[in-house]
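What follows is a short report on a single structure.
The values are calculated or read from the model by the stated rules, or taken from the named source; none is laboratory data. This structure is a prediction, so every number in the text was calculated from the model and none was measured. Using ideal geometry, Cβ is built from the backbone for each residue, glycine included, and neighbour counts are taken over all protein chains shown. Side chains are part of the model used for accessible areas, which takes the heavy atoms of the whole protein and leaves out ligands, DNA and RNA. Shrake-Rupley method; radii C 1.70, N 1.55, O 1.52, S 1.80 Å.
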Amino acid sequence: MPQTEVTIQTRGQGLYEFTDKVVDFVGRLGAEEGLLTVFVRHTSCSLLIQENADPDVQRDLKTFFTRLVPPSDAPSMSWVAHTMEGPDDMPAHIKAALMAVSLSIPVSRGRPVLGTWQGIYLFEHRDRPHSRSVVLHLSR
């Protein structure tokens, strides 16, 4: 069962598509069928499969989650106790708890089975840049 780790450099909050890295990994293996697991090794970002055609989708998702879970220095977040790492940290943990940190994607004919407009994204929930590790594991 092949496995690799990819690194995604982020520049702050937002969605970072890495579909090409996933497709390359699966393609190099020559596996006709299987199940791909994608797992992020951090507690302040998440993974999702989302539309990759219109950048407004990513912008709207980022805005939605910022409105849903604002920074901890916002008046509505005065209940937050974990603030040592900045006002974006605890909200990042909450967002990651609400979203997926792993994905299961079928592989067929040597490619991940994704819809026409679907891309695989890391959703960075922190303000500052990070180097994020994502594990790709193919079960045949």
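Return the residues of segment 1-14 that are of a type outside the set (A, V, I, L, M, F, W, C) and either part of a loop (DSSP other than H, G, I, E, B) or within 13 Å of the chain's Cα centre (by Cα) (or both); say none if nothing qualifies.
Across segment 1-14, the qualifying residues are Pro2, Thr7, Gln9, Thr10, Arg11, Gly12, Gln13, Gly14.
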Flag if Leu98 is in contact with a strand residue (DSSP E or B) (Cβ under 9 Å, 6 or more places away or on another chain), open to solvent by less than 70 Å² (accessible area, probe 1.4 Å) and either closer than 20 Å to Gln9 by Cα or free of Cβ contacts under 8 Å to residues at least 60 places away in the same chain (or both): no
Only one of Arg67, Arg126, Arg111, Arg132 is open to solvent by 20 Å² or more (accessible area, probe 1.4 Å), of a type outside the set (Ser, Thr, Tyr), modelled with pLDDT of 95 or more and under 22 Å from Thr10 (Cβ atoms), namely Arg67
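One line per residue, one yes/no per condition, for (1) touching a helix residue (DSSP H, G or I) at 6+ places or on another chain (Cβ under 8 Å); (2) part of a loop (DSSP other than H, G, I, E, B):
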residue	(1), (2)
Tyr16	no, no
Gly27	no, no
Ile49	no, no
Ala53	no, yes
Leu61	no, no
Phe65	yes, no
Asp73	no, yes
Options Thr116, Thr63, Thr83: the member that is touching an Asp or Glu at 6+ places or on another chain (Cβ under 8 Å), of a type in the set (Val, Ile, Thr) and more than 21 Å from Ser139 (Cβ to Cβ): Thr83
Checking the condition surrounded by 15 or more Cβ atoms within 10 Å (Cβ to Cβ) and either touching a His at 6+ places or on another chain (Cβ under 6 Å) or of a type in the set (Ser, Thr, Tyr) (or both), which residue from Thr83, Thr7, Thr19 passes? Thr19
